[in-house]
Amino acid sequence: MQNKDVSADIIIVGCGPSGATLSLLLAQCGISSLVLEREKNIYPLPRAVHFDDQIMRVFQALGVSNALEGVVRYNPGMRFLDPQGNLLLDWPRPAGIGENGWHTSYRFHQPDLENILRNKMQSIECIQLQTGIEVDAIRQSEQHASVHCTNGDEYRAKYVVGCDGANSIVRSTIGNDIDDFGFNERWLVVDTLLNTEKPELGDYTIQHCGRDRPATYVRCPANRRRWEISLKPEDDTRTVTSDSSIWNFIGEWVSHHDASIERSAVYEFKSHVAKAWRKNRLFIAGDAAHLTPPFMGQGMCAGIRDASNLAWKLAICCREKQLPDITREAILDSYQSERIPNVTEYIETAIKLGAIINSCSTELALKKAFTRDDGTVQLKSMMPKLGSGVGVGSNACVGSWCIQPQLQSGTWLDDMARYKAILIIESQLLLEHLQSDATTEPDCLVITTQDEPELQSVLTHYSVDAILIRPDRYILGSATNSVELAELLNRASAICLA
Ligand SMILES: Cc1cc2nc3c(=O)[nH]c(=O)nc-3n(C[C@H](O)[C@H](O)[C@H](O)COP(=O)(O)OP(=O)(O)OC[C@H]3O[C@@H](n4cnc5c(N)ncnc54)[C@H](O)[C@@H]3O)c2cc1C
């Protein structure tokens, strides 16, 4: 065995989208990471094709949104058709830029994203990426955590994060207990490349519901088009992935004269959440922590949200040597308690959507499943709150996602602070606070409504006079008077966030 004392603060096992994003966010906080990836090359089979505006904001923080804009496509929405092709339900997405400063939904090709993230990683000194290295054991002590690799190397760091996918070895070490939501289905996924224009296929995602074999059509960027076909228990994986079988499945929409098959795979779509995301110095994130049926295109998005929730917390615990144990524990435990309810809401909605696609639903059934108590149909972007964690106070906005306004200069809010906390505050309240309690002067980016009058709209949106936005863009807490503000800033300073 060769002990390698690399100087990284954090070891990340796995360099899929979750691991890559985590390393880049940690680097934004000045925290170094060693990323160990088993494969030499990026995963070649068809996977994610959708992410939303919350995720684009994370990519904005990483400084890769410009590169991504060159390879993504705005998604105009989803339509549900019955077996005869009649429209059951239309779920259009707004054509313009939404309240997050981006389109609400994007189509993309997962390898394009992973290449962009890896290129960025390679340009950053405090990230070491090693490919072709498989971790086969993980240990921890009070002082550090270590990984052992199949080539005999051993590495040590302050924390280890398993972003090592569905069969995570880090999860096995933490504990393999899961909450299973019961959705288990085999689907065939086929990516084709059109060699001719086929405008009749359309730009919407189409859910072909209630058929003998329910199917999804996805309009991907450039000439790539995807079909996902539900399989039956008797379908043999090798047979269904043969070219003749694939053309048979998708023949009603496209033929070998119009397109070539780029790649195909059979997946068993699962729905579960690991019960433990942390054990002392070990963590899991992404598919290692949860699996989501892909009907809402949210599996990878959830992994990116995990990374964004965890990175600033790990950074605080790596940086602040004098942090009391109790505070350190509270910060690190909040990762799981905040993330599980959030990801569970996506999984439950994806299962509901899957059931509808599979059933012979009428328009009425579809509307019933997605209608709120007030009678409105709920097919809109979800932005569930976080579970309880480090939030301060009882205002309804605590743990909610914060919108991103554009400032008078044209700059977007996040560009002022990338992956750092921001206090937006009504000018008079800040003045009062500084006069009464100079000891808790906020140590984060402070923007007053006098500096940036547009930000008044954010305060009005949440009916508050001050709001502290965490690096992951959820709301830590708010204030409507100087007493609440002092409490908010005291708490933020106690967890070293601001
Ligand atoms: C058909 C399909 C469609 C999907 N569509 C969408 C979508 O539209 N939108 C969306 O958000 N999500 C979607 N998903 C889900 C998305 O692809 C995954 O959630 C995402 O890839 C998970 O990223 P990850 O980084 O957590 O894990 P992975 O991408 O699985 O990466 C894990 C990495 O860890 C490495 N690794 C594993 N074990 C070890 C080890 N012991 N040592 C070292 N390295 C190791 C692996 O080689 C791998 O590179 C879809 C999935 C499928 C299958």
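Here, each number is a calculation from the coordinates, and none is a lab measurement. Everything quoted here is computed from the prediction, not taken from an experiment. A quick note on method: Cβ atoms are made from the backbone with ideal geometry, for glycine too, and the neighbour counts reach across all protein chains shown.
Worth pointing out:
- Euclidean distance between Cα centres, segment 149-167 to segment 379-446, Å: 35
- Cβ-based charge dipole, the chain, positive-most Cα from Phe80, Asn100, Ile174: Ile174
- For GluC sites (Glu not before Pro), the sites in segment 296-343 that DSSP calls loop and that have at most 14 other Cβ atoms within 10 Å are Glu320.
- For segment 185-269, a simple Cβ point-charge model (Lys and Arg +1, Asp and Glu -1, everything else neutral) yields a dipole of about 140 debye relative to the Cα centre.
- Summed residue charge, Cβ within 14 Å of Ile424's Cβ, Lys/Arg positive, Asp/Glu negative: -3
- Based on the convex hull around the alpha carbon atoms, segment 55-175 presents an average projected area of 12.3 nm².
- With only Cα atoms counted, segment 413-494 has Rg and Dmax values of 11.5, 31 Å.
- Relative contact order for the chain, counting Cα pairs under 8 Å that sit 6 or more residues apart, in percent: 16
- On the principal axes of its alpha carbon atoms, segment 185-269 extends 35, 24, 19 Å, with the longest extent given first.
- Dipole magnitude (debye, nearest 20) for the chain, charges at Cβ of Lys, Arg, Asp, Glu: 760
- Of the beta bridges in the chain, as assigned by DSSP with both residues counted there, near 70 percent are antiparallel.
- Estimated translational D of the chain in µm²/s (Stokes, Kirkwood radius over Cα pairs; 20 °C; 1.002 mPa s): 89
- Amide N proximity, segment 461-477 versus Ala417 label position 7 Å along Cα-to-Cβ, cut-off under 14 Å: 466-477
- Cα-Cα over 31 Å, subset of Lys198/Lys385; Lys275/Lys321; Lys40/Lys385: Lys198/Lys385; Lys40/Lys385
- The chain: calculated mean residue ellipticity at 222 nm from DSSP helix runs of at least 4, using -39500 (n - 2.57): -9000 deg cm²/dmol
- Rounded to the nearest 20 debye, the dipole magnitude of segment 413-494 is 300 debye, with +1 charges on Lys and Arg beta carbons, -1 on Asp and Glu beta carbons, and the Cα centre as origin.
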